[in-house]
Amino acid sequence: MIRNTFIWPLRSPLPLVLMLLLVYGCSGTKHLKEGQWLYTGAKIDIQAEENIRGEKELKQELEDLLKPKTNLSIFGWRPRLWLYFAVKEPKKDKGWKHWLKYKAGKPPVLLSDVKPSLIVSNLAGKLLNKGFFQSEVTYETNKKKKTAKIKYIAEVSKPYRLRNIALPDDSSDISQIIDSINDKTLLQAENRFSLEQLQEERQRIEQSVKDMGFYYFSNEDLIYEIDSTVGSRQVDLFLMLKKDVDEKAFQTYTIKNINIHPEYTFSFADSVESTDSALVVDSMNFMNRKSQVKPLVVTNAILLRPGDTYSRTLHTKSLSRLIGLGVYKYVDIRFIDDSTDTRLNTMVYLAALKRKSMRFRVEMVSKSNNFLGPGAELTYTNRNLFGGAELLNISLRSSFETQISGQQNKPLNSFEIGLESSLTLPRFITPFNLKSQYRFVPQTSISVGVSLMDRVDYFRMQSTTLSYAFDWKEMVITQHKLTPVDVNYVSLSRKGPKFQELLNSNPFLARNYQDQFIVGGRYSFTYNSKLKEKSEEKTNNFYLNTNVEAAGNLIYLAQSAIAGKNTEKGSFEQPYEIFGSPYAQFAKSQIDFRYYYRFNKRNNIASRIIVGVGIPYGNSHILPYIKQFSAGGSNSIRAFRARTVGPGTYYNDSINSSDVYIDQTGDLKLEGSVEYRFDIAGPFKGALFADAGNVWLANSDSTRKGGEFDSKNFMNQLAVGTGAGIRLVTKFFIMRLDLAFPIRKIKPSQPDDRSSPAHFEWVFDEVDFADKDWRRKNLVWNLAIGYPF
């Protein structure tokens, strides 16, 4: 969290007058010649005979046809236009002055640059393609103070709808296939006529026909005839095969030879080579015996086989699986027609990536809890460790962070160093044989890591991790991850006097930081509709991530069975141990659901709700510290510092003082956010948002009164914050700066008595941006990379 106490209250009209003069001077219109008008944009006025279903989407599509783009304007100020006029004409076509005038600056877009008649024609064509056959488009120009706008008026008629849809009636195999797959057609009677939908239907048919072996068939071989004279604003549609279609399109093809070139170079020419010296693996010919990747790994990724009927689906899946191996920079599958029969020689071309690489990265980390400092990471990568496309990553990372806060007499420092190694194999490694026919290659990952975190004057913590996981996808929008083995051992090697004093006075906290094993497994499922093609054009998109995790159960059952009833162990007071340390026993689940609604290309709403539940039992009374939930921070409730909300109505006014490292965590979590996102200018986007949430304890804790979950009152225990943000969105990254403040926060019932019960209270009446003390205590800046959700 970065606090800022600078606010400029306008107590005099002089700054406003100066600002208005600056905007006028930088608008660029004063430099225009007589008869020139600065084009400031256009709008579309849709006048429909009846309500149009999907009118917002239609209007957006029409607006996309409006050209040219206007000069960038920020509240009337046109910085690039101003720069163009401010810089004198350069003498050379290169150099700093030329770049400043013509690259950073931009010449005025004039009304004379607009071609309204052409745009009217394009708009009318778009309406025609959408089924509004008898629509009319006109335009009018509005000139004012050296600027000009254009309004296009679209008088939209009632749409034409499909009445009858006739399929090809000849006796060809293709016509029979089209008839057999008609139950999945996109075209239905009463649908509004849509040229785009007709094209999508042709592509669907092409995919199905090619899966039946018709390699040369194309959607261009299909044509539509339309009869719009049937009356009642209806059309009859006739789907037919072209008369001059190449005979090859009616022939089914099979796979003849599959020749794999594992060391392909771009100078290689397509040809059918002799396979006499080739290495034959799984009925495929390796034309180069010195392949860096084991041949069987490559053949398992290819789903086509000699003698099989050609299939477009298996073709594209094979391409995706070869790319998914992660060892090739170029992958292509080409087919050469054998002129003597209807068989295809299949050429697979593979160009390998560099096998080994090193990467060094330096970064500056700024966190919402005022911790900031440099970090570095050195990573060694081997993309083909054992010749089976195994990916080895070894990373050494370190960071130094210091917390600077107005409540601290001196900065608080933290140092961290870690070493992690992971091995990813492009297949399932299980006791039984599992094969995948999916488009994406399944993966098995084994990772081992150690880390040390030293929080000066407080503690030094070591952590050791080991995991064995499976990762697979059936389609681009879904992903599964199963981790049957997940081991973590956390221990403290040093405790500072201040920290030890805290542990002595707080048994709950002491259990949080005890040496402990976590031995269990977890499963995660993710659905993300935004990964679909053209998802950015859809009105609704969804994201769902579910996690289920359990630990300690098998060990507990085994030890309980061995010990029988003649033991007092098996509870959190006297837990079972392995290797001299207790282990955690719990079950945990979390759901993260997000909904995105698109008003148009420039405005949308994003929302999120998170529900998490973790229940400790048996060997544990609380969840392990690293498994607990928290609220607050740049990706959570942005009006509160990271991990400072809750649990429940527990009130701690010393969060910013002696126990600054002691985060507020819980066993249950409820959090929700809604964010309105809009375009400002160019790469700059804006946002207005509200966040709410809290965490709670599953069991009571005498040191954190009010922290236990109350099923009847939990909705009254939600912290709420709101704010605004600006984002710089580029192709490579998104930089986000959010300013937030609380509008509902916890307060003690008796301010002078910290031990009194606390409650949440709306604080709208306290909001005062002109008050320096209020700004210092409430305004929270969040600087981060990427969207919060």
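The values are calculated or read from the model by the stated rules, or taken from the named source; none is laboratory data. If you're wondering where the values come from, they're calculated on a predicted model, not measured in any experiment. Backbone-built Cβ (ideal geometry, glycine too); neighbour counts: all protein chains shown. Surface accessibility is based on the protein's heavy atoms, side chains included, excluding ligands, DNA and RNA. Shrake-Rupley method; radii C 1.70, N 1.55, O 1.52, S 1.80 Å.
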Hey, could you check the range 622-649 for residues that are in a loop (DSSP other than H, G, I, E, B) and open to solvent by 40 Å² or more (accessible area, probe 1.4 Å) and say which is nearest to GLU761 (Cα to Cα)? ARG643
Here are the criteria: (1) over 32 Å from the mean Cα position of the chain (by Cα); (2) surrounded by 15 or more Cβ atoms within 10 Å (Cβ to Cβ); (3) over 17 Å from PRO647 (Cβ atoms); (4) modelled with pLDDT under 90. Tell me which single one GLN750 does not satisfy. (2)
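With the range 217-263 as the region, which strands (runs of 3 or more DSSP E) entirely inside it contain at least 2 residues that are within 16 Å of SER171 (Cα to Cα)?
234-241
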Among (1) at pLDDT 90 or above; (2) of a type in the set (Val, Ile, Thr); (3) farther than 17 Å from ALA469 by Cβ, the one test that THR424 misses: (3)
Residue, nearest to LEU718 (Cα to Cα), within the range 582-596, restricted to residues that are open to solvent by 60 Å² or more (accessible area, probe 1.4 Å) and under 15 Å from the mean Cα position of the chain (by Cα): PHE593
Among the residues of the range 99-113, are any among the small types (Gly, Ala, Ser), open to solvent by 80 Å² or more (accessible area, probe 1.4 Å) and touching a residue at least 24 places away in the same chain (Cβ under 8 Å)? yes
Are any residues in the range 181-193 assigned to a loop (DSSP other than H, G, I, E, B) and open to solvent by 20 Å² or more (accessible area, probe 1.4 Å), and if so, which ones? ILE181, THR185, LEU186, GLN188, ALA189, GLU190, ASN191
ASN382 versus (1) at pLDDT below 90; (2) surrounded by fewer than 16 Cβ atoms within 10 Å (Cβ to Cβ): which is the lone unmet condition? (1)
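Out of everything in the range 411-421 that is among the polar types (S, T, N, Q) and in contact with a Phe, Trp or Tyr (Cβ under 8 Å, 6 or more places away or on another chain), what residue ends up being modelled with the lowest pLDDT?
The residue in question is ASN413.
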When the range 442-472 is examined, which residues are found to be assigned to a strand (DSSP E or B), charged (D, E, K, R) and open to solvent by 60 Å² or more (accessible area, probe 1.4 Å)? ARG460
Give the range 33-73 a look and list any residue that's farther than 18 Å from ASN600 by Cβ and either among the aliphatic types (A, V, I, L, M) or in contact with a helix residue (DSSP H, G or I) (Cβ under 8 Å, 6 or more places away or on another chain) (or both), or say none. GLN36, TRP37, LEU38, TYR39, PRO68, ASN71, LEU72
Looking at (1) farther than 30 Å from ALA48 by Cβ; (2) open to solvent by 60 Å² or more (accessible area, probe 1.4 Å); (3) not charged (D, E, K, R), find the lone condition where ILE178 falls short. (2)
Checking GLN408 against (1) modelled with pLDDT under 90; (2) touching a strand residue (DSSP E or B) at 6+ places or on another chain (Cβ under 9 Å); (3) open to solvent by less than 80 Å² (accessible area, probe 1.4 Å): exactly one of these is not met. Which one? (2)
Does any residue of the range 574-584 turn out to be within 30 Å of PHE789 (Cβ to Cβ) and either free of Cβ contacts under 8 Å to residues at least 12 places away in the same chain or in contact with a strand residue (DSSP E or B) (Cβ under 6 Å, 6 or more places away or on another chain) (or both)? yes
Condition first: open to solvent by 30 Å² or more (accessible area, probe 1.4 Å), part of a loop (DSSP other than H, G, I, E, B) and either in contact (Cβ under 8 Å) with a residue 12 or more places away in the chain or closer than 16 Å to VAL114 by Cβ (or both). Now tell me which residues in the range 39-52 satisfy that. GLU49, GLU50
All positions within the range 183-234 that are out of contact with any Lys or Arg (no Cβ under 9 Å at 6 or more places or on another chain) and of a type in the set (Lys, Arg): ARG202
State which residue is least open to solvent (accessible area, probe 1.4 Å) when the search covers only the range 688-709 and only residues that are among the acidic types (Asp, Glu) and in contact with a Ser or Thr (Cβ under 7 Å, 6 or more places away or on another chain). ASP691
Meets criteria (of a type in the set (Phe, Trp, Tyr), out of contact with any His (no Cβ under 9 Å at 6 or more places or on another chain), free of Cβ contacts under 8 Å to residues at least 40 places away in the same chain and within 18 Å of ILE177 (Cα to Cα)) for TYR215: no
Among the listed residues ILE323, ILE336, which satisfies the condition of being touching a residue at least 24 places away in the same chain (Cβ under 8 Å) and either within 24 Å of the chain's Cα centre (by Cα) or assigned to a strand (DSSP E or B) (or both)? ILE336
Restricting to the range 333-358, what's the tally of residues that are more than 23 Å from VAL293 (Cα to Cα) and open to solvent by less than 10 Å² (accessible area, probe 1.4 Å)? 1
Just to check your reading of the model, which residue among LYS731, LYS712, LYS685 is at pLDDT below 95, closer than 30 Å to ARG602 by Cα and either open to solvent by 60 Å² or more (accessible area, probe 1.4 Å) or of a type in the set (S, T, N, Q) (or both)? LYS731
